[in-house]
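All remarks here apply to the structure that follows.
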Amino acid sequence: MNRPLISPSLLSANFADLRADIEQINRSDADWLHIDIMDGVFVPNISFGFPVLKYVAELSEKPLDVHLMIVNPEKFIEEVKDLGTMMMNVHYEACVHLHRVVQQIKDAGMKAAVTLNPSTPVAMLADIIRDVDMVLLMSVNPGFGGQKFIVHTLDKVRELRELIAHTGSQALIEVDGGVNLETGKQLVEAGADVLVAGNAVFKAPDMLDMIHRLKSL
């Protein structure tokens, strides 16, 4: 079993001192930096705007894993690209023409990922799974950090792993929400490749140690 990739979620960072937290992530074993963009429409919260994200992108030495929890995410492909983003993540539920959006992301030079809310079945991905580089399964309802892990996500990870194997897709499986050492271990055993961790990392007494321990699951 390969060690998971770790993508700390900036949503749980200290907004009053983002530089300090990002510098710690830069020194850590983290693989990516996960950034949630919220619009107050698709989810009941607002997070980062592009002026702040430009600053974050300049500071981060980790590849950017950008998750758009917004309506009409295709309108912002160029802005996300201009951050130097590695992976652009859009919600299945927010894209009427999902295949087109995935192709637009790839045409812009980024990897394309699709996110499923907790209530959206894995089967909805059958016609797009070969075209995406990653699937993000939300293990909480999107919009806020610090929520409790939805246990049914473990079944969805297993089901998604079967779909990937059946179709020959190369997509990674990422999970976001309530990830800690306990749930992270269960997710890796179920077949997850990438763990997004917010509070578990940024509220830990030693961020670098926590990331190392998550990486070692």
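How about the range 100-186: which trypsin sites (Lys or Arg not before Pro) there lie in a loop by DSSP and see at most 14 other Cβ atoms within 10 Å?
For trypsin sites (Lys or Arg not before Pro) across the range 100-186 that sit outside H, G, I, E and B with at most 14 neighbouring Cβ atoms in 10 Å, the list reads R130, K148.
Kindly provide the pair-distance distribution of the range 99-165 built from C-alpha pairs, with 5 Å bins from 0 and whole-percent values in order of increasing distance.
3, 16, 26, 20, 17, 13, 4, 0
Let me check I've understood the local charge: for I22, count other residues with C-beta under 11 angstrom from its C-beta, Lys and Arg +1, Asp and Glu -1. What total comes out?
-2
Using every alpha carbon pair in the range 1-130, what percent of pairs falls into each 5 Å bin from 0 up to the bin containing the largest distance?
Pair shares across the bins are 2, 10, 20, 22, 20, 15, 8, 3, 0.
Taking 25 °C and 0.890 mPa s as the conditions, I'd like the Stokes-Einstein D for the range 5-215 in µm²/s, using the Kirkwood hydrodynamic radius from alpha carbon pairs.
145 µm²/s
Using packing as a proxy for protection, rank 35-47, 57-69 so that the peptide with the highest average count of other Cβ atoms within 10 Å comes first. Can you show the working numbers first?
On the way: 35-47: 18.3, 57-69: 20.6.
Answer by packing, highest mean first, reads 57-69, 35-47.
For the chain, how many pairs of lysine residues have a Cα-Cα distance under 13 Å, where the two are 8 or more positions apart or belong to different chains?
4
Provide, for q = 0.17, 0.19 Å⁻¹, the log10 of I(q)/I(0) from a solvent-free Debye sum over equal Cα point scatterers in the range 111-215.
Debye output, listed in q order: -0.74, -0.90.
No lab work stands behind these numbers, since they all come straight from the coordinates. Only a predicted model underlies this, so the values are computations on that prediction, with no experimental measurement involved. Every residue, glycine as well, gets a Cβ built from its backbone with ideal geometry; the counts of neighbours run over all protein chains shown.
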